[in-house]
Amino acid sequence: MRPIPSPASNVESAVAFVGGAEIGSRVSGGSGGDAGRGRRGPFRPGQLIPSRARLEARPLARAFRIIDTLVAASVTLGLTVAGHPLVAGLWALAVLVALRMLGAYAFPRKQDLSRHMAQVGLALGAGLLAAAVALLPSGRAEASVVWILLAATVGLAVLHVAWWTIIARGRQLGRLTPNIIVVGATANAQRLIEAALRTGEANVLGVFDDRLDRAPENIMGVPVLGDTTALLDHRIMPYVDRVVIAVQSTAQGRVRQLVEKLGVLPNPVNLFIDVGGPAEDDAALARIVAGGENELSGAAPSARRAWIKRAQDLVVASAGLLVAGPVMLIVALAVKLDSPGPIFFRQRRHGFNNEAILVWKFRSMRHEMADAQAARQISANDDRVTRVGKFIRKTSLDELPQLFNVLTGEMSIVGPRPHAIGMKTGGVESAKLVAEYAHRHRMKPGLTGWAAIKGSRGPVDTPESVRQRVALDVEYIERQSFWLDLYVIVMTIPCLLGDRSAVR
């Protein structure tokens, strides 16, 4: 781990990005008003969604296809029981194949509901035609069969209205459209923004450029927010899915310099290559959004792995709350009776992509001596810790309320432990001691983690302990898998019980 370089300067425009009425002050820290509204740009979604909560349309489309298949299978089973297996089979096969071939699960960004339903109507018509052909040898059609097929056809049509509405609403709210920022106020940046306007593949929230004296105030309405130093700490970054370098590809030295500087970010960094015309630009943007084009650093985990991890979190956290519920009630009562003050302690900590999240704990310190910024880390025989606090910290029972953070999606069961924003080590902000510190935010923080079972528990009160913690966290992120998470979960309890030396 290399020491982090000192920042060159603070740039006022780092907090100039102003969003919607209720989001603007939170993202930018600036005031609202007409000046702020003028800097939103043409891509501003109705609501800024943290990148951890972003969804992809393709997994949703697969889920829709599975539901359609289950509906078709149910109809097939019913018609088979009624003595018409051939009619059932041909109808289901024709409908499902036609829906797939006509692109009814593609949900293009510029497609309106009428065009989508035209595709669905053709597919459902093909199914009815196939069923009619199957009924020809009998010379007659039973009323029950006709009504079942018509009901199934109408049901699938209604489902597809719902599918299209879910996708359209998700894109409108910003949940299904990735947010990117562009580095380089160049002609390439304009081409990238034009591609985004044509295709709707991404929201371009802003542009950053080190040469501000030559940069315009905006590019096609997208505001220039500052230089790359401003970008590193900008409050918009937790809402950004990708950083795209759009300088001339022939400027290899500048590209290398930018990659090295932006490599400390938890956000994935891509390069936009200036080759070809509008069609090539559109295709390049689509590949960048999908994570398959010139990825330079910060590669995000696959959507499939993220879904599996989220399912694991929900199952384990729900089971944990059921098992630990009585214990949590006892701890809450003990905290309340032991010292005056609230039962819970909430602290702002770094989450995924540097998002600021409120982490819950049982209060273990005297209320009047609480240290929300962790300016003074815990030490042996710390006079701030209460009698009950010593026990619940030693046994990590104080961390149990973070199961609620897991259920809300802000944390995971396994991941790098969340550190307080502004936490200091030896009087220096811990994040400034290691250049790769933000790499630990490339995954949601965890209730337990690889570092915890490898001996890095408790305070990080020396620069070396910070480097060791970050190294272990990055190692976990690079190795993360379902089975590794299970191993960490299983090993957590014996590590907690056997670790008598860690200061908690």
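Things worth noting here:
- Hey, Leu496 touching a residue at least 60 places away in the same chain (Cβ under 8 Å), touching a helix residue (DSSP H, G or I) at 6+ places or on another chain (Cβ under 9 Å) and either among the hydroxyl-bearing types (Ser, Thr, Tyr) or open to solvent by 40 Å² or more (accessible area, probe 1.4 Å) (or both) or not: yes
- Scan of region 177-208 for residues that are touching a helix residue (DSSP H, G or I) at 6+ places or on another chain (Cβ under 7 Å), assigned to a loop (DSSP other than H, G, I, E, B) and among the aliphatic types (A, V, I, L, M), ordered by number: Ala202
- The number of residues in region 274-288 that are surrounded by fewer than 14 Cβ atoms within 10 Å (Cβ to Cβ) and in a loop (DSSP other than H, G, I, E, B) comes to 3.
- Total residues in region 210-237, condition open to solvent by 10 Å² or more (accessible area, probe 1.4 Å) and either charged (D, E, K, R) or in a helix (DSSP H, G or I) (or both): 10
- Subset tally (residues that are small (Gly, Ala, Ser), on the phi < 0 side of the Ramachandran plot and either assigned to a loop (DSSP other than H, G, I, E, B) or open to solvent by 30 Å² or more (accessible area, probe 1.4 Å) (or both)) for region 450-471: 2
- Candidates Val97, Val120, Val71: the one that is under 39 Å from the mean Cα position of the chain (by Cα) and under 30 Å from Pro178 (Cβ atoms) is Val120.
- Qualifying positions in region 277-303 - at pLDDT below 80 and not hydroxyl-bearing (Ser, Thr, Tyr): Ala290, Gly291, Gly292, Glu293, Asn294, Glu295, Leu296, Gly298, Ala299, Ala300, Pro301, Ala303
- All told, Trp163 meets the bar of being among the aromatic types (Phe, Trp, Tyr), at pLDDT 95 or above and open to solvent by less than 30 Å² (accessible area, probe 1.4 Å).
- Meets criteria (within 30 Å of Val224 (Cβ to Cβ), crowded, with 18+ Cβ neighbours inside 10 Å and in contact with a Lys or Arg (Cβ under 7 Å, 6 or more places away or on another chain)) for Ile193: no
- Search result, residues across region 76-104 that are under 20 Å from Ala162 (Cα atoms) and touching a residue at least 40 places away in the same chain (Cβ under 8 Å): Val95, Ala104
- Subset of region 472-486 that is surrounded by 14 or more Cβ atoms within 10 Å (Cβ to Cβ) and either over 21 Å from the mean Cα position of the chain (by Cα) or aromatic (Phe, Trp, Tyr) (or both) - its residue that is farthest from Arg442 (Cα to Cα): Leu486
- Scanning region 238-263 for residues that are assigned to a loop (DSSP other than H, G, I, E, B), under 21 Å from Arg211 (Cβ atoms) and touching a residue at least 12 places away in the same chain (Cβ under 8 Å) yields a total of 5.
- Pairing each residue of region 105-116 that is within 17 Å of Ala162 (Cβ to Cβ) and part of a loop (DSSP other than H, G, I, E, B) with any residue that is modelled with pLDDT of 90 or more and of a type outside the set (A, V, I, L, M), provided the two are 6+ apart or on different chains, yields C-beta distances under 8 Å for Tyr105/Arg62; Tyr105/Phe64; Tyr105/Arg65; Phe107/His116; Phe107/Trp163; Phe107/Trp164.
- Within region 65-85, the residues that satisfy the criterion of being exposed (fewer than 15 other Cβ atoms within 10 Å of the Cβ) and assigned to a helix (DSSP H, G or I) are Ile66, Ile67, Thr69, Leu70, Ala73, Ser74, Leu77, Thr80, Val81, Pro85.
- Among (1) of a type in the set (Ser, Thr, Tyr); (2) modelled with pLDDT of 85 or more; (3) surrounded by fewer than 20 Cβ atoms within 10 Å (Cβ to Cβ), the one test that Ser379 misses: (2)
- Residue count for region 404-422 under the criterion of being open to solvent by less than 20 Å² (accessible area, probe 1.4 Å) and in a loop (DSSP other than H, G, I, E, B): the result is 6.
- Yes/no for Glu436 being free of Cβ contacts under 8 Å to residues at least 12 places away in the same chain and not polar (S, T, N, Q): no
- Leading residue by the ranking (modelled with the lowest pLDDT) among those in region 86-102 that are open to solvent by 20 Å² or more (accessible area, probe 1.4 Å), more than 28 Å from Val289 (Cα to Cα) and among the hydrophobic types (A, V, I, L, M, F, W, C): Leu86
- Any hit, region 168-182, residues being free of Cβ contacts under 8 Å to residues at least 40 places away in the same chain, surrounded by fewer than 18 Cβ atoms within 10 Å (Cβ to Cβ) and either closer than 30 Å to Val120 by Cα or among the aliphatic types (A, V, I, L, M) (or both): yes
- A single entry from Ser412, Ser465, Ser396, Ser430 fulfils the requirement of being among the small types (Gly, Ala, Ser) and within 18 Å of Phe345 (Cα to Cα): Ser396.
The values are calculated or read from the model by the stated rules, or taken from the named source; none is laboratory data. What you see is a predicted model; the values in this text were computed from it and never measured. Every residue, glycine among them, receives a Cβ derived from its backbone with ideal geometry; neighbour counts consider all protein chains shown. Ligands, DNA and RNA are excluded from the accessible area calculation, which covers all protein heavy atoms including side chains. Shrake-Rupley method; radii C 1.70, N 1.55, O 1.52, S 1.80 Å.
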